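Working notes, structure below.
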Amino acid sequence: MKFAAIALSTIALASQASAVIIAYSQPISATQWTAGQEATVAWTNRCSDITGNTTFPITLNEEINTYQVEVPGVGPIGYLDCKRSGSTKVKIPATLPQGNKYSILVVNGGNQSYSALFTILSTVPGPTPSAVSSALPTESTAAATASSFVPSAAVSTAAPTPTRTSDAGALKAGSYAVLAAVAAIGAMAL
């Protein structure tokens, strides 16, 4: 029993140690990138606690009704390697509309590291308010119906799950709470 509690505590501590939130110094809220140009992403921590893969894709997101949603049709704009210098160049697609609700996201392990919202300057006008509200997922109450048709190959096209900006802190706080609970259980078993 003691061994299991100690092992569980060790695993929880190890997973927390490899959970590193990226601390961006660029882009910040005053940043203005230009569509079709290169831009700099910079971070202040070296992610020394991360083991294994230290290179992560940088994706571009846009805030829509307090949700951070990956910009559709735009793959990674670059890659962040935590073990290397604290900056990297990324390419901003020329087709992006102008807006001041963009952010970048790096996911390492279970951590989602969003930058501050910043502006992208472009000659492409931004979306209309009705287009923005229709881009969000909606809840449906339609009843499910049975079907006897079974396709020979399943195809899934899932849209990225939007994350509220305020939820990222709650996720981190929740992981600390779980870590504290596991440590307390481990201490009680001793």
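Can we say ALA19 is at pLDDT below 85, among the hydrophobic types (A, V, I, L, M, F, W, C), surrounded by 13 or more Cβ atoms within 10 Å (Cβ to Cβ) and over 16 Å from VAL106 (Cα atoms)?
Against the criterion (at pLDDT below 85, among the hydrophobic types (A, V, I, L, M, F, W, C), surrounded by 13 or more Cβ atoms within 10 Å (Cβ to Cβ) and over 16 Å from VAL106 (Cα atoms)), ALA19 does not qualify.
Return the total of residues in region 34-64 being among the charged types (D, E, K, R) and within 20 Å of LEU117 (Cβ to Cβ).
Pass one, region 34-64, residues among the charged types (D, E, K, R): 38, 46, 49, 62-63.
Within this subset, residues satisfying the condition of being within 20 Å of LEU117 (Cβ to Cβ) are 62-63.
Summing the residues that are among the charged types (D, E, K, R) and within 20 Å of LEU117 (Cβ to Cβ) in region 34-64 gives 2.
Only one residue in LYS89, LYS101 is touching a Leu at 6+ places or on another chain (Cβ under 8 Å), of a type outside the set (A, V, I, L, M), part of a strand (DSSP E or B) and at pLDDT 95 or above, so which one is that?
LYS101
Does region 94-108 contain at least one residue that is more than 16 Å from the chain's Cα centre (by Cα), closer than 19 Å to THR119 by Cβ and of a type in the set (A, V, I, L, M, F, W, C)? Let's see the steps before the verdict.
Start the filter on region 94-108 by keeping residues that are more than 16 Å from the chain's Cα centre (by Cα), which leaves 94-100.
Now narrow it down to the ones that are closer than 19 Å to THR119 by Cβ: 94-100.
Retained after the next criterion (residues that are of a type in the set (A, V, I, L, M, F, W, C)): 94, 96.
Looking through region 94-108, at least one residue is more than 16 Å from the chain's Cα centre (by Cα), closer than 19 Å to THR119 by Cβ and of a type in the set (A, V, I, L, M, F, W, C).
If the requirement is being at pLDDT 95 or above and surrounded by fewer than 17 Cβ atoms within 10 Å (Cβ to Cβ), which of these qualifies: ALA94, ALA146, ALA131?
Numbers: ALA146 fails: at pLDDT 95 or above; ALA131 fails: at pLDDT 95 or above.
One residue alone meets the criteria, ALA94.
Any idea how many residues of region 42-74 are touching a Ser or Thr at 6+ places or on another chain (Cβ under 6 Å) and of a type in the set (A, V, I, L, M)?
Within region 42-74, residues that are touching a Ser or Thr at 6+ places or on another chain (Cβ under 6 Å) and of a type in the set (A, V, I, L, M) number 2.
Which residues, counting only those in region 32-54, are without any contact (Cβ under 8 Å) to a residue 40 or more places away in the chain and surrounded by fewer than 13 Cβ atoms within 10 Å (Cβ to Cβ)?
Answer for region 32-54, where residues must be without any contact (Cβ under 8 Å) to a residue 40 or more places away in the chain and surrounded by fewer than 13 Cβ atoms within 10 Å (Cβ to Cβ): SER48, THR51, GLY52, ASN53.
Can you name every residue in region 55-73 that is loosely packed, with under 15 Cβ neighbours inside 10 Å, of a type in the set (Ser, Thr, Tyr) and either assigned to a strand (DSSP E or B) or modelled with pLDDT of 95 or more (or both)?
Answer for region 55-73, where residues must be loosely packed, with under 15 Cβ neighbours inside 10 Å, of a type in the set (Ser, Thr, Tyr) and either assigned to a strand (DSSP E or B) or modelled with pLDDT of 95 or more (or both): just THR55.
All but one of (1) within 13 Å of ILE22 (Cα to Cα); (2) in a loop (DSSP other than H, G, I, E, B); (3) at pLDDT 95 or above; (4) of a type outside the set (Ser, Thr, Tyr) hold for PRO76; state the number of the condition that does not hold.
Of everything listed in (1) within 13 Å of ILE22 (Cα to Cα); (2) in a loop (DSSP other than H, G, I, E, B); (3) at pLDDT 95 or above; (4) of a type outside the set (Ser, Thr, Tyr), PRO76 misses just condition (1).
So which residues in region 104-118 are surrounded by 15 or more Cβ atoms within 10 Å (Cβ to Cβ), touching a Phe, Trp or Tyr at 6+ places or on another chain (Cβ under 7 Å) and not in a loop (DSSP other than H, G, I, E, B)?
Result: LEU105, VAL106, ASN108, PHE118.
The values are calculated or read from the model by the stated rules, or taken from the named source; none is laboratory data. Everything quoted here is computed from the prediction, not taken from an experiment. Virtual Cβ from ideal backbone geometry, glycine too; neighbours counted across all protein chains shown.
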